[in-house]
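J.: Pasting a structure here, questions to come.
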Amino acid sequence: MCGIVGYIGNQDAYPILIKGLHRLEYRGYDSAGVALINPHGQLNIYKAKGKVSELEKFAEDKDISGHIGIAHTRWATHGEPNQVNAHPHFSESEQLAIIHNGIIENYALLKEGLMQHGYTFRSTTDTEVLIQLIEYTQRTSKTDLRTAVQLALNQVVGAYAIAVLDKQHPDTIVAARKGSPLVVGVGDNEYFLASDATPIVEYTDKVIYIEDEEIVLLKKGEEPQITTISNVSKTPEIKKLEITLNQLEKGGYAHFMLKEIFEQPQTLRVSMRGRVNIDRDCIALSGFIDNRERFLNAKRIIITACGTSWHAGLIAMYCIEEFARIPVEVEYSSEFRYRKPVINKDDVVIAISQSGETADTLAAIRLAKDAGAFIFSICNVVGASIPRLSDSGCYTHVGPEIGVASTKAFTAQVTALIMLSLCIGKEKGTLDNESYLRILRELGNIPDHISKVLQQNDRLARFAQMFTYAQNFIYLGRGYNYPVALEGALKLKEISYIHAEGYPAAEMKHGPIALISQEMPVVVIAPHGSTYDKIVSNIQEIKARQGKIISIVTEGDTQVTEMSDFCIPIPKTEECLTPILSVIPLQLLAYHIAVAKERDVDQPRNLAKSVTVE
Ligand code: M6R
C-alpha cells in the first residue's frame, strides 16, 4: 500500500508529483504529502490528511517551486492517518526528507537506540525512525547519502520502497526497495520514480524496474547508479513500457470501476489473443508448453491468492480437477505462508494476483520456491514482483485496473485458469477431445456473451435503487458458481459497505437460513448446469421463508425465473464458463447500489488496491 513518486529534471516538479499521486491514489488515500527543494536550496514539506485533493488545497498558497521532489499518498500502517504522520518525514535536522511504502518491523528497537543518542520524534510512524537512522548514519560515518542509506537499510527488518532527498544535494534522489515495488522512468535529462509505471507513462516509455535490496542513485545529467544493499554494483536494464495513457483515464465513464466492467468483452479478447486459436482448434499457453512435464507430472496443484484472486483460484479447483484430474488445494496466501504447509518438489504452485505485488502471495510463493515447488503465476501487471519470482506464468493483459474493486482482472484470471486446465487435461488425456474442442470454441463466444449481459446495465441500475435500504445480503451458488457467490458478496461489501455473505447454496440449511426474512435479499446464481435441480430446491426453502430472490439464470429459464422477484438472464454457455458471465450482473449490481448510496466507488474507505503489507 501507499504510493510513492519522485521527479528530478528541468521541469517544475510539483505538477508532475501531484499528477503522479492522483494516479497512485488507488494504493492508499488517507493522507498525502510532498517535499520539494526550491531553487534557493530550501527543503519544503507540505502534508494534509485525506485525499490528494486536500493536499492540493493546502499547498495552494505555498512555495511549490523546485525541479526536484518526492511525494506520497498513504494507507496507514503505523500511526493514525493525520497530518503529522503523513509522509514525507523530515530528519531531526530537517536536512533530509523521506517517503516510504512498507513497514519497518524493528522500528521500536531502532527508535530506542536513536532516542538514546538524543533524537526526538514528531510522528508515531516507523518511517520517521528510518530517516533519523539515515541521518544518524550519515553524521557518524561521515559518509554520502547513498552510503548512509545503504548502511541504514542493513539494520532494517521489514519491507520498503523509499526515496530520500538531501537539501545539501539538490540534484540527487536516493531510492531503494525491498518487498515494495519501485520503478524509475528514464526521460531526457530527467528521471521519474514511482510505485508503478502509471505516473511515468505520459513522460517516457523507458523504465528500469528496481529489484529487491537495490539502491538507485538518480543524479541530474548522469546515468542511474544501482548498487545492492551489500554494495555490489548492478547494470541498469532499461525496459519498454506496455501501458498507454488512455488506459489510465475514465474515458467518459462516471467511475473507473464502470469503465473496467464495460471493458471486459475487449479485455478477454486480448487475453485470449494468440492463445485460443479457433481455426486451428487449439490453445497455446507458452507458460504451459515450456513446462509441460512439470504440469503433467504434478501430484498436486496448490493455488495461492487473496481476495478476488482467491475466488478465481477456487473456480480453477473445479476445472482443473474436472479436466486434468489433479488434486487441487486453494489456499489463502496469508494462512498458507504461516501454517507450515507440506510442500513437495513435484507440486505445482499457482499464484494468482492482479497487482503481482500482494505481500502475502509473494511470501507464499517464496516459501513454496524454497521447498522446491514449481511456481506458475497468473498476474496482470507486467514486470511485477510475483511474475518475476515465478518459474513461469501467464499475464492476463487486461491493462491497468484502477478501481479498487477488481472486475476485469477476475474474468481474465478465470479465463486464463480455464485455458490452463484445458491444456493440462488435453495433454494428460484426462479430457476427451470432443469436450476440449467444444469448450475452446465456446471460449471464443464469451466476449460477445458478456456484451449481451452488459446490455442489462440500465435495468440493473433501476433495480439497484430498491436495495439501498438493505443491511445484509446473502449470495448463493453451487459448483462453479459457488465462488461467484463469494465474489458477488465481496464486491457488494467492499464498495457499498453493506454486509454480505456468500455461501454454497446447500449450506443454508446448516445455519444461515435462520437469517432469512422479508428484509433479506438473497442473490442466487442458478444457470443451467449439473446442480440446477439442486439449487431450485434451495430456492424453494428460501421462498418458504419469505426471502427476496434475485436470480442469475440462463436465457430461456422458466423454473427459477418464476420463483424470483428479479431475474437477470445470461446467455447459455459451457458450465465451466458460466462464472465469467454470471459475475457480470453481480459487478453491476454492487456498482449501482454503491452509487445509489453515494459511496466512493473507486476508492472505498479503508481499502487500497495493492496490498503490499501483511
Ligand atoms: O492484486 P491481487 O490480486 O493480489 O489482490 C488481491 C486482493 O487484495 C484483491 O483481489 C481485493 O480483494 C480486491 N479489492 C477485491 O475487489
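J.: Scanning the range 311-327 for residues that are surrounded by fewer than 24 Cβ atoms within 10 Å (Cβ to Cβ) and within 30 Å of LEU607 (Cα to Cα), which turns out nearest to the ligand (Cβ to nearest atom)?
T.: LEU314
For (1) under 24 Å from the mean Cα position of the chain (by Cα); (2) closer than 20 Å to ALA405 by Cα; (3) not small (Gly, Ala, Ser), each residue gets a yes or a no:
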{"site": "SER271", "(1), (2), (3)": "yes, yes, no"}
{"site": "GLU293", "(1), (2), (3)": "no, no, yes"}
{"site": "SER309", "(1), (2), (3)": "yes, yes, no"}
{"site": "ILE326", "(1), (2), (3)": "no, no, yes"}
{"site": "ASN344", "(1), (2), (3)": "no, no, yes"}
{"site": "VAL349", "(1), (2), (3)": "yes, no, yes"}
{"site": "ASP360", "(1), (2), (3)": "yes, yes, yes"}
{"site": "LYS369", "(1), (2), (3)": "yes, no, yes"}
{"site": "ILE375", "(1), (2), (3)": "yes, no, yes"}
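J.: Where residues in the range 355-377 are within 10 Å of the ligand (Cβ to nearest atom) and in contact (Cβ under 8 Å) with a residue 60 or more places away in the chain, which of them is nearest to HIS592 (Cα to Cα)?
T.: SER355
J.: Follow-up question, since we're still on this one. Let me confirm something: among ARG337, ARG388, which residue is within 14 Å of the ligand (Cβ to nearest atom), of a type in the set (Lys, Arg) and at pLDDT below 95?
T.: On the way: ARG388 fails: within 14 Å of the ligand (Cβ to nearest atom).
Matching residue, one of ARG337, ARG388: ARG337.
J.: With in contact (Cβ under 8 Å) with a residue 60 or more places away in the chain and in the same structural domain as ILE498 (by TED's automatic domain parsing) as the only criterion, which of ILE549, ILE535, ILE568 stands out?
T.: Answer to the check: ILE568.
J.: Does any residue of the range 244-254 turn out to be acidic (Asp, Glu) and touching a residue at least 24 places away in the same chain (Cβ under 8 Å)? Give the steps one after another, and end with the answer.
T.: Filtering the range 244-254 for residues acidic (Asp, Glu) gives 249.
Still in the list and also touching a residue at least 24 places away in the same chain (Cβ under 8 Å): none.
There is no residue in the range 244-254 that is acidic (Asp, Glu) and touching a residue at least 24 places away in the same chain (Cβ under 8 Å).
J.: Next question, about the same structure. Quick check: anything in the range 213-230 touching a residue at least 40 places away in the same chain (Cβ under 8 Å), surrounded by fewer than 22 Cβ atoms within 10 Å (Cβ to Cβ) and closer than 22 Å to GLY399 by Cα?
T.: no
J.: Out of the range 285-300, which residues are outside any helix (DSSP H, G or I) and either in contact with a Leu (Cβ under 7 Å, 6 or more places away or on another chain) or without any contact (Cβ under 8 Å) to a residue 24 or more places away in the chain (or both)?
T.: At the first step, the residues of the range 285-300 found to be outside any helix (DSSP H, G or I) are 285, 290-291, 297-300.
Within the range 285-300, just LEU285 meets the criteria.
J.: Quick check on the range 454-464. Is at least one of its residues in contact with a strand residue (DSSP E or B) (Cβ under 9 Å, 6 or more places away or on another chain) and not in a helix (DSSP H, G or I)?
T.: Within the range 454-464, one or more residues are in contact with a strand residue (DSSP E or B) (Cβ under 9 Å, 6 or more places away or on another chain) and not in a helix (DSSP H, G or I).
J.: If you don't mind, there's one more thing I want to ask. Could you tell me whether THR304 is in contact with a His (Cβ under 8 Å, 6 or more places away or on another chain) and within 16 Å of the ligand (Cβ to nearest atom)? Step through it out loud before you land on a result.
T.: Details: in contact with a His (Cβ under 8 Å, 6 or more places away or on another chain): no; within 16 Å of the ligand (Cβ to nearest atom): yes.
No.
J.: If I ask for residues that are crowded, with 17+ Cβ neighbours inside 10 Å, farther than 21 Å from VAL553 by Cα and more than 16 Å from the ligand (Cβ to nearest atom), which ones from the range 488-515 would you list?
T.: The one that is crowded, with 17+ Cβ neighbours inside 10 Å, farther than 21 Å from VAL553 by Cα and more than 16 Å from the ligand (Cβ to nearest atom): ILE513.
J.: Would you call SER355 in a loop (DSSP other than H, G, I, E, B), farther than 22 Å from ILE450 by Cα and among the polar types (S, T, N, Q)?
T.: Working: in a loop (DSSP other than H, G, I, E, B): yes; farther than 22 Å from ILE450 by Cα: yes; among the polar types (S, T, N, Q): yes.
For SER355, the condition - in a loop (DSSP other than H, G, I, E, B), farther than 22 Å from ILE450 by Cα and among the polar types (S, T, N, Q) - is met.
So that you can scan it fast, the table gives a plain yes or no per residue for (1) farther than 18 Å from PRO387 by Cα; (2) touching a His at 6+ places or on another chain (Cβ under 7 Å); (3) at pLDDT 95 or above:
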{"position": "GLY399", "(1), (2), (3)": "no, no, no"}
{"position": "VAL404", "(1), (2), (3)": "yes, no, no"}
{"position": "ALA416", "(1), (2), (3)": "no, no, yes"}
{"position": "ARG438", "(1), (2), (3)": "yes, no, yes"}
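J.: Okay, next question. Filter the range 469-505 down to the residues that are of a type in the set (Lys, Arg) and assigned to a helix (DSSP H, G or I), then identify the one that is nearest to LEU588 (Cα to Cα). Show your work before the answer.
T.: Residues of the range 469-505 of a type in the set (Lys, Arg): 478, 491, 493.
Filter once more, keeping what is assigned to a helix (DSSP H, G or I): 491, 493.
Details: LYS491: 9, LYS493: 13 Å.
That would be LYS491.
J.: Filter the range 407-438 down to the residues that are in a loop (DSSP other than H, G, I, E, B) and touching a residue at least 60 places away in the same chain (Cβ under 8 Å), then identify the one that is nearest to the ligand (Cβ to nearest atom).
T.: THR407
J.: Residue by residue through the range 516-527, note down the ones that are farther than 19 Å from LEU490 by Cα and surrounded by 18 or more Cβ atoms within 10 Å (Cβ to Cβ).
T.: Taking the range 516-527 first, the residues farther than 19 Å from LEU490 by Cα are 516-519, 527.
Passing the criteria: ILE516, PRO527.
J.: Residues LEU589, LEU577: which one is in contact (Cβ under 8 Å) with a residue 60 or more places away in the chain, aliphatic (A, V, I, L, M) and touching a His at 6+ places or on another chain (Cβ under 9 Å)? I'd like the intermediate steps shown before the answer.
T.: Numbers: LEU589 fails: touching a His at 6+ places or on another chain (Cβ under 9 Å).
When all the criteria are applied, what remains is LEU577.
J.: I've got another one for you. If I ask for residues that are out of contact with any helix residue (DSSP H, G or I) (no Cβ under 7 Å at 6 or more places or on another chain) and more than 21 Å from ASP171 (Cα to Cα), which ones from the range 130-146 would you list?
T.: Selection gives THR140 alone.
J.: Can I ask one more? List the helices (runs of 4 or more DSSP H) that sit entirely inside the range 97-172 and contain at least 1 residues that are in the same structural domain as ASN10 (by TED's automatic domain parsing) and at pLDDT below 95. Give the steps one after another, and end with the answer.
T.: Details: elements: 107-116, 126-141, 145-153.
By residue number, 107-116, 126-141.
J.: For the range 294-305, which positions are surrounded by fewer than 16 Cβ atoms within 10 Å (Cβ to Cβ) and more than 15 Å from LYS426 (Cβ to Cβ)? Quick ask: steps written out before the conclusion?
T.: Just the residues of the range 294-305 that are surrounded by fewer than 16 Cβ atoms within 10 Å (Cβ to Cβ), to begin with: 296-297, 299.
Residues satisfying the conditions are ASN297, LYS299.
J.: Hey, can you tell me all the residues within the range 88-131 that are closer than 19 Å to LYS178 by Cβ and among the polar types (S, T, N, Q)?
T.: ASN101, ASN106, THR125, THR127 - these are the residues of the range 88-131 that are closer than 19 Å to LYS178 by Cβ and among the polar types (S, T, N, Q).
J.: Considering only residues of the range 268-284 that are not in a strand (DSSP E or B) and not hydrophobic (A, V, I, L, M, F, W, C), which is surrounded by the fewest Cβ atoms within 10 Å (Cβ to Cβ)? Before you say what the answer is, go through the steps one by one.
T.: Step one: filter the range 268-284 for residues not in a strand (DSSP E or B), giving 268-275, 278-281, 284.
Add one more test, that the residue is not hydrophobic (A, V, I, L, M, F, W, C), and what stays is 269, 271, 273-275, 279-281.
Values: ARG269: 15, SER271: 25, ARG273: 10, GLY274: 11, ARG275: 19, ASP279: 6, ARG280: 8, ASP281: 12.
Step by step, filter the range 268-284, then rank; the result is ASP279.
The values are calculated or read from the model by the stated rules, or taken from the named source; none is laboratory data. Treat the numbers as computed from the prediction; the structure is a model and nothing was measured. Positions of Cβ are backbone-derived with ideal geometry, glycine not excepted, and every protein chain shown enters the neighbour counts.
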